[in-house]
Amino acid sequence: MLLVIIKSIIIGALGGAAVAAGAARMYRAPEIQAMGAFRTLGELNACKGDAIAHLTFGLGFFFNAAGAVVGSGALTQDVLHRIIPNWSAGALLVKNRNVEETLYSPGRMAVAGAAVGAVTVALLNSIASMIPSSLSTIAQGILGPASALMIDTVMPIIFILAALDAGRRTGTWGIILSGLAYVIMGNATPGAVLGIIIGQTIEDNGYSKSVKIMIIVVAILFILIGYFRGFGEKLLAFF
């Protein structure tokens, strides 16, 4: 157990620092490239710099991650993509609500991410190591479908509602791209996040050259994903 905790602290600290700093640096893109994901950026923006929102958002996925690690013995992507970035931002925003000095600061986010990652990974791995294999099988059968429902159904609804709340243009783009993402990829969340980014950029800057390039890139991306997933053939078969 002690060896598991020590290794978890080291791995969690390194991974947490990297992913939290990468999430903060994405706010400097495209001037500065960063290690991060648009999904993480969209979820951080959805919390609007509110400490409680960041902490509760991460807490919701912590229970999913705990259920997954008990059932399968492996950490899910939620740990790095959702829990650590949001808890790091929430911890920093508790004392200082200026996002420029907290959420947008790679250095401070890296320090907070290292601490949060060390504690989170050590806790999850400790829980997994203490659970008997018979209980793990039961947990996998119960919590697995619940986690899938959260990711496939609840999260898309949350992001679509966030897009609608952001304005007419953002809501329109969010609905269109989330619908396309659902029929092509099977999950509406990526499309909703892209819709929020494009819609908000249009709200701020209008249909500038960068926005048009972004729309073209997204269109090409959807076409390529649909092609390699055989979406065209499935669509023709429906008719």
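Screening Ala37, Ala17, Ala65 for residues that are at pLDDT 90 or above and not assigned by TED's automatic domain parsing to the domain that holds Asp165 leaves exactly one candidate, Ala17. When region 152-171 is limited to residues that are among the aliphatic types (A, V, I, L, M) and touching a residue at least 60 places away in the same chain (Cβ under 8 Å), the one that is surrounded by the most Cβ atoms within 10 Å (Cβ to Cβ) turns out to be Ala162. Scan region 20-34 for residues that are modelled with pLDDT under 80 and surrounded by 14 or more Cβ atoms within 10 Å (Cβ to Cβ) and the total you get is 1.
Against the criterion of being in the same structural domain as Ser126 (by TED's automatic domain parsing), closer than 16 Å to Tyr27 by Cα and of a type in the set (Ser, Thr, Tyr), Thr102 qualifies.
The values are calculated or read from the model by the stated rules, or taken from the named source; none is laboratory data. Computed from a predicted structure; not experimentally measured. Quick reminder, even Gly has a Cβ in these numbers, built from the backbone with ideal geometry, and neighbours come from all protein chains shown.
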